[in-house]
Amino acid sequence: MALTELEALAARVRFDLASAGFTPVAPDHEDDPEGGLLVLHHEDHIAVSWGMHDRS
């Protein structure tokens, strides 16, 4: 898959998860202290993980 196709797929996954009520983290803000769903492309696949809220 080309990089632009992976970026488009990541955007669709982010949109679908947000539509389902999850809070996605904006691209390039993986260290957001509010936490939320991380959707990013890594090499040739899409990764989805949960970023924890910084409660310090």
With a ≥ b ≥ c from the Cα gyration tensor eigenvalues, square-rooted, and the rule rounded for a/c under 1.5, otherwise prolate when a/b > b/c and oblate otherwise, segment 1-43 is oblate
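Tell me, what is the per residue accessible area of the chain in Å², probe radius 1.4 Å? The partial results should precede the final answer.
Values: 4160 Å² over 56 residues.
Roughly 74 Å² per residue, with all protein chains present.
Given only helices, namely DSSP H runs of n ≥ 4 each adding -39500 (n - 2.57), what is the per-residue ellipticity at 222 nm of the chain, to the nearest 500 deg cm²/dmol?
Values: 1 runs with 17 residues, N = 56.
After summing the helix terms and dividing by residue count, I get -10000 deg cm²/dmol.
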So if R0 is 22 Å, what FRET efficiency would residue 34 and residue 2 give, r being the distance between their Cβ atoms, rounded to the nearest 0.05? 0.10
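Could you give the length gained on full extension between residue 9 and residue 48, defined as 0.36 nm per residue of separation minus the Cα-Cα distance, in nm? Could you put the intermediate results ahead of the total?
Numbers: separation 39, 0.36 × 39 = 14.04 nm, distance 1.18 nm.
Length difference between fully extended and current span is 12.9 nm.
The values are calculated or read from the model by the stated rules, or taken from the named source; none is laboratory data. Remember, predicted model here, so these are calculated numbers, not experimental data. When we count neighbours, we look across all protein chains shown, and the Cβ atoms used for this are built from the backbone with ideal geometry, even at glycine. All accessible areas refer to the heavy atoms of the entire protein, side chains included, with ligands and DNA or RNA removed. Shrake-Rupley method; radii C 1.70, N 1.55, O 1.52, S 1.80 Å.
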